[in-house]
Amino acid sequence: MKALLVDDEFNVRDVIRALGQWEKYGITTVLEANNGKEAKRLIERESPEIIFTDVKMPEMSGIELIEWLDTISYPGKVILVTVCDDYSFMRKAIQYRSFDYLLKPIEAEALNEALFGAVNAWDNEEEERRNKESGFYEDVKSLRMNRVVTAACNSEPFDAEQIASCLPQADGYDLTLISFYEMHDSDSYIQLLANELCDREWGNAFALLNDHNLCVVITVHGQWLAVEEWISHHFDIPIRLVSEVSLISLEELPTSFQSAQREMAAQNFRSIHRLTNVDDALRMHDILAYVDKYYREELSLEKLSNRFFLSREHISRRFKQEKGVTLSEYVTQLRIEQAKQWLVQTDEKMNSISIKLGYQDGNFFSKLFKKMVGMTPTEYRNHERKRQNRKCR
């Protein structure tokens, strides 16, 4: 890390050089300049992170130097050195974002306190710059905003101003709910859409953290048709959408989202890139795989319909053809088989097992278990363990 001392008086530069605890704060090189013009050339060549500059100097003053640094958005930290302590000077220092200022005669404690603060501020900002360059900063910001919008859609407390900060200013907005086919990677498409909306100042897109199939899009009122046209040209996967639910205020986000959800559930949506009948067999394969994986969660024909872009009636009919039983019966069978394994392999109580399988009422599941298996869970556990013990003898 480099520091630059700018002052037309050699003895002032000498005092600063002598008093500064440079090595302690990571300064390896201390440069010097007689005036602003010389400093400008050194800054362009050496890029020092910390700059101490006098205010009044011949050829180019310290104020003129920080004005120039401001025009080029120089990231280094500037500490002004002056004999005056007046309001007009302070205004200039603040206007051009100087980090701190020191009054002459220079005192060691004040100098090193300013030096420490400047180095610390540079280090923090440098880390942020590296994060921005690597994309980490944007990823964290995106995740944070997705979390805020998810909270709003779940009717949890949220900060409307925080959402407004990542939207273009407008008198009103429209909300669109986009549903993605379950087996597709929605994240990359949502990010692609979000980037385009931000670049064109049309709005923004947010992934819901509790449902990766859903995306909430907030656009400036009147812009949605252009957005939908862009989506139709740049998305190569099928989506369903409910659009243009008006948002006079972002405080209305929870109710507008719920309204869009009701429209989607009622099949009042539009489709882009529809799945064809040729895909029907593949979709039933996807549905069966999904049920086998998520049978412990709440499953319904409506949920599968929204995730796999088939009507409830079609899924019900095809499911019965494939498995010989209804969706509800098949899910119950899977849960019973899992309960059997846990009863034999663990000492978990039935209440705990029933909760893990999606039943809040342990008594209800115990009755269901007896109806399906012919024994209570306790009887089944004892019976199977005795049978296994006999095998081991």
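Laid out as a table, the results:
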read-out	value
Cα-projected label distance for Asn112 with Met375, points at 7 Å along beta-carbon direction, nm	7.9
Region 280-392: relative contact order in percent, alpha carbon pairs under 8 Å with at least 6 residues between	20
Sequence ranges 342-349, 151-158, ranked by mean other-Cβ count within 10 angstrom, highest first	151-158, 342-349
Average projected area [Cα convex hull, region 295-361], square nanometres	5.0
Full-stretch length increase - Asp159, Leu192 - with 0.36 nm per residue and alpha-carbon distance subtracted	9.4 nm
Sites matching chymotrypsin sites (Phe, Trp or Tyr not before Pro) across region 181-278 that sit in DSSP coil, with at most 11 neighbouring C-beta atoms within 10 Å	none
Peptide ranges 21-32, 364-375, 330-341 listed from the most packed, as the mean C-beta count within 10 angstrom indicates	330-341, 364-375, 21-32
Residue-span extension gain [Gln333 to Gln267] - 0.36 nm each, minus C-alpha spacing	20.8 nm
Of [x] 36.3, 117; [y] 33.1, 102; [z] 21.6, 69, the label for Rg and Dmax of the Cα atoms in Å derived from the coordinates	[y]
Nearest-ten-degree value, helix 36-46 long axis tilted from longest Cα axis of the chain	40
Euclidean distance of C-alpha centroids, region 204-256 and region 154-197, integer Å	6
The chain: calculated mean residue ellipticity at 222 nm from DSSP helix runs of at least 4, using -39500 (n - 2.57)	-17500 deg cm²/dmol
Cα convex hull of region 280-392, projected area averaged across orientations, nm²	8.0
Pairs beyond 30 Å (Cα-Cα), from Lys320/Lys386; Lys37/Lys77; Lys323/Lys386; Lys40/Lys141	Lys320/Lys386; Lys323/Lys386; Lys40/Lys141
Net +/- balance of residues flanking Tyr380 in space, Cβ distance below 10 Å, scoring K and R +1, D and E -1	+2
Beta bridge orientation in the chain: antiparallel %, DSSP, nearest 5	55
Rounded tilt (10° steps) of 377-392 against the dominant C-alpha axis of the chain	90
Cα principal axis extents for region 141-233, largest first, Å	36, 35, 20
Relative contact order (%) - the chain, alpha-carbon pairs under 8 angstrom, separation at least six	9
Charged-residue dipole, Cβ positions (Lys, Arg, Asp, Glu), the chain about Cα centre, Debye nearest 20	3600
Crossing angle, helix 362-373 versus the chain [Cα axis fit, 0-90 degrees, rounded to tens]	40
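Read-outs: derived from the displayed coordinates by stated rules, not from any lab. These figures come from a predicted structure and were not determined experimentally. Here Cβ is always computed from backbone atoms with ideal geometry, including for glycine, and neighbour counts include all displayed protein chains.
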